[in-house]
Protein chains: 2
Amino acid sequence: MRSVAEIDTISPERSVLDAADRLFYERGIAAVSMSEIRDSADVSMRRLYMLYPSKRVLVAAWLSDRHLRWMTWFTEAVDRHVWHGTDAVLATFDALEEWVSSPEYRGCAFINSIAESAEIDDSHRAIISDHKRELIAYVAGLVEAAHPGSPPWLPDAMGVLIDGAIVQSAIFNTTTPLVAARAAATSLIGQVQ
Amino acid sequence: MRSVAEIDTISPERSVLDAADRLFYERGIAAVSMSEIRDSADVSMRRLYMLYPSKRVLVAAWLSDRHLRWMTWFTEAVDRHVWHGTDAVLATFDALEEWVSSPEYRGCAFINSIAESAEIDDSHRAIISDHKRELIAYVAGLVEAAHPGSPPWLPDAMGVLIDGAIVQSAIFNTTTPLVAARAAATSLIGQVQ
DNA sequence: CAGTAGTGAGAACGATCGTTCTCACGGAAG
DNA sequence: CTTCCGTGAGAACGATCGTTCTCACTACTG
């Protein structure tokens, strides 16, 4: 039987996934060894491999976990800006600006991961494209609610603007691309209403 | 003195840079070993290290070389579409569609490289951001020539649309993002003229 | 109490990497 | 011819990786 103290403790899974997120996001998949994850998560090598039988499986678990956490953060941040009176579609860029401005910003973990093609298999690719599809579907919901009658390509175009701004903000280390993307989105939704 | 036959032969530098481009672009930097580049370029290990004293230096040379070659290809492809009557700004997306549709398409080499942060140092980062700056400057020239009086953020927004479409086309393995980006650009330039 | 199943700590294994070194050879210089 | 410098071919080196294995220890079971 597990004691109450044990139940209150952070689970090894959570500890490993948190360590994986910190290290994989900051340095990339190939640059992080399983030993580093073991040290950062403070579990034994044996337990690490009992939880995730290979690095590829761990990467898949990390991507799925990050998808859930990122989408939760993003939708909450958008809600917060909408609550303060910002147009729902434009609020996506204000939410992204919070993220891009944080010192640990390193671009999109999913885009970065798919660029490391040798570390990525088809199951990873599916998680990554599903993540982007879900992001676009969420934005499509915002567009339809706030600007009904918009052209059918607007959600996809918003997705392109969002990912382009995320990528270029990482390259230039500036929010300039985000500002330009927001201006373009303002123009695009302004044409309708 | 070098013989005529030698002069006509492909130089070892060219052979190495071509091999680096094939392998680094297809599989990523970390996944390609110096031995593979030696084999693919058909030079000796000794000559490879005489030309480029470390992998980091070779990566920098590859990025600079790819910048020149890609920009040359891109501007020529845009010119070709303009010649057939397409608006110069929209022609950028038609040029990109040729690239994205090719079977060996793997996204933008510069975006992919910066995602492999462990393999990349500040000199590489400078080459990458300079590449994107030059791309945006080129597009800014097209915008100014074809649509004078456009809003000042339009070139940056075009850059965001281009990189977003390049990235998402690689993730989804489709030209859908490119079509949406082109539609958005059409709308943006249509508002002015 | 003895026996046992499961765990933590980390050494060990086999592969691969970037880089350097060895050594035999070929052709210009004397 | 002999000498010698520069090269090609690839073995060697030391480090690091993902993964597995060893072994001492703990905490139940009977």
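Quick notes
- Charges were assigned to the Cβ only: +1 to each Lys and Arg, -1 to each Asp and Glu. The resulting dipole of segment A:1-111 about its Cα centre is roughly 660 debye.
- Simple Cβ-charge dipole of chain A, Lys/Arg +1 and Asp/Glu -1, about Cα centre, in debye nearest 20: 340
- Dipole axis of chain A (+1 Lys, Arg; -1 Asp, Glu on Cβ), positive-most option in A:ALA109, A:GLY149, A:PRO177: A:ALA109
- For segment B:128-136, putting each phi into the Karplus relation 6.51 cos²θ - 1.76 cosθ + 1.60 with θ = phi - 60° gives couplings of 5, 5, 4, 4, 5, 4, 5, 4, 5 Hz, in residue order, rounded to whole numbers and with x for Gly and Pro.
- In terms of its Cα atoms, segment B:145-190 spans 36, 16, 13 Å along the principal axes, sorted from long to short.
- For the protein assembly as shown, the alpha carbon positions stretch 83, 59, 31 Å along the principal axes, listed from largest to smallest.
- Annotation: lysines with alpha-carbon distance below 25 angstrom to A:LYS55 (same-chain offsets under eight excluded): A:LYS132.
- For the Cα trace of chain B, dividing Rg by the Kirkwood Rh returns an Rg/Rh value of 1.04.
- Rounded Å value of the spacing that divides the Cα centres of segment A:26-97 and segment A:168-187: 23
- Simple Cβ-charge dipole of the protein assembly as shown, Lys/Arg +1 and Asp/Glu -1, about Cα centre, in debye nearest 20: 620
- Fewest-first sequence of A:HIS84, A:HIS147 by Cβ atoms within 10 Å of each Cβ: A:HIS84, A:HIS147
- For segment A:103-193, GluC sites (Glu not before Pro) meeting the loop criterion (DSSP other than H, G, I, E, B) and having at most 16 other Cβ atoms within 10 Å: A:GLU104.
A short reminder: the numbers here are calculations on the coordinates, not readings from a lab. As the structure is a prediction and not an experimental result, all values here were calculated from the model. Every residue, glycine among them, receives a Cβ derived from its backbone with ideal geometry; neighbour counts consider all protein chains shown.
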